[in-house]
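Asker: Dropping a structure here in structure tokens format, bear with me for questions.
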């Protein structure tokens, strides 16, 4: 563990929030009701490269990307990241304008950071929380958090492969009627499969 030192407030904030994991640096902060807002800049080295031809672009302007991050002291956290945009001046390329790569921060088009998926899975799987509770903590809608949970679970299962079933000897299967909107006309059914090996073993 590194020893405490006297550092600028910006570095202290970056360390506490661990923004380096996302490839951004905090430049300002404010409280907006229940939401904590952090203005950030990308940690970049040189101009971005065109996704079409791979040649470095010429700086054009800056756009702002807003994404939700994991909560801080019980409050939703929003990152407002300044993203440089460039012009591709390579004659043989079809791309005219492109933004700097923000893949460390979030997936393309996503409204939450990459680490939000891990946070949601921990809350649902380990803390036995509900989708609604995780949505409140993140300041996002139920549908957004549920979509993230489903996608992250699918990715987790594909990554784990068949080895995830090692040691499973007894399973429980249950099916019940389900709809997260009580007035839904066409309620569906959900099937839950649970590892009961440890329960049966006592």
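What follows is calculated from the coordinates using simple rules that are stated; it is not laboratory data. As the structure is a prediction and not an experimental result, all values here were calculated from the model. No Cβ is skipped: glycine too gets one built from the backbone with ideal geometry, and neighbour counts run over all protein chains shown.
Asker: Between residue 61 and residue 196, what is 0.36 nm times their sequence separation minus the Cα-Cα distance? Round to one decimal in nm.
Answerer: Length difference between fully extended and current span is 43.0 nm.
Asker: With a cut-off of 8 Å between alpha carbons and a minimum separation of six or more residues, what is the relative contact order of the range 114-163 in percent? All intermediate terms of the calculation are to be shown ahead of the outcome.
Answerer: Working: 26 pairs, mean separation 17.7, N = 50.
Here the relative contact order equals 35 percent.
Asker: Given [x] 1.03; [y] 1.07; [z] 0.94 as candidate values of Rg/Rh (Cα atoms, Kirkwood Rh), which corresponds to the one derived from the coordinates?
Answerer: [y]
Asker: What order do you get for 168-175, 67-74, 87-94 when each peptide is scored by the mean count of other beta carbon atoms within 10 Å, highest first?
Answerer: Top of the packing list down: 67-74, 87-94, 168-175.
Asker: What is the gain in length, in nm to one decimal, between residue 125 and residue 94 on full extension, counting 0.36 nm per residue of separation less the C-alpha to C-alpha distance?
Answerer: Length gained, residue 125 through residue 94: 6.6 nm.
Asker: Okay, moving on. For 153, 113, 36, what's the fewest-to-most ordering of other Cβ within 10 Å of each Cβ?
Answerer: 153, 36, 113
Asker: Helix-only mean residue ellipticity at 222 nm, the chain, DSSP H runs n ≥ 4 weighted -39,500 (n - 2.57), per residue, nearest 500. What is it?
Answerer: -7000 deg cm²/dmol
Asker: Please tell me the relative contact order of the chain in percent, rounded to the nearest whole number, where contacts are Cα pairs under 8 Å and at least six residues apart.
Answerer: The value is 14 percent.
Asker: Suppose the chain between residue 171 and residue 80 were pulled fully straight at 0.36 nm per residue; how much longer would it get relative to their current alpha carbon spacing?
Answerer: Extending this stretch completely gives an extra 28.3 nm.
Asker: A follow-up question, please. Once the convex hull of the alpha carbons of the range 1-98 is built, what does its volume come to per residue, in cubic angstrom?
Answerer: Dividing the Cα hull volume of the range 1-98 by its residue count gives 133 Å³.
Asker: Related question: Post the alpha-carbon centroid distance, the range 36-56 to the range 68-117, in whole angstrom.
Answerer: 8 Å
Asker: What FRET efficiency, computed as 1/(1 + (r/R0)^6) with R0 = 35 Å and r the Cβ-Cβ distance, is obtained for residue 189 and residue 72, rounded to the nearest 0.05?
Answerer: It comes out at approximately 0.35.
Asker: Take the Cβ-Cβ distance between residue 11 and residue 163 as r, set R0 to 35 Å, and report the resulting FRET efficiency rounded to the nearest 0.05.
Answerer: The formula returns an efficiency of 0.30 here.
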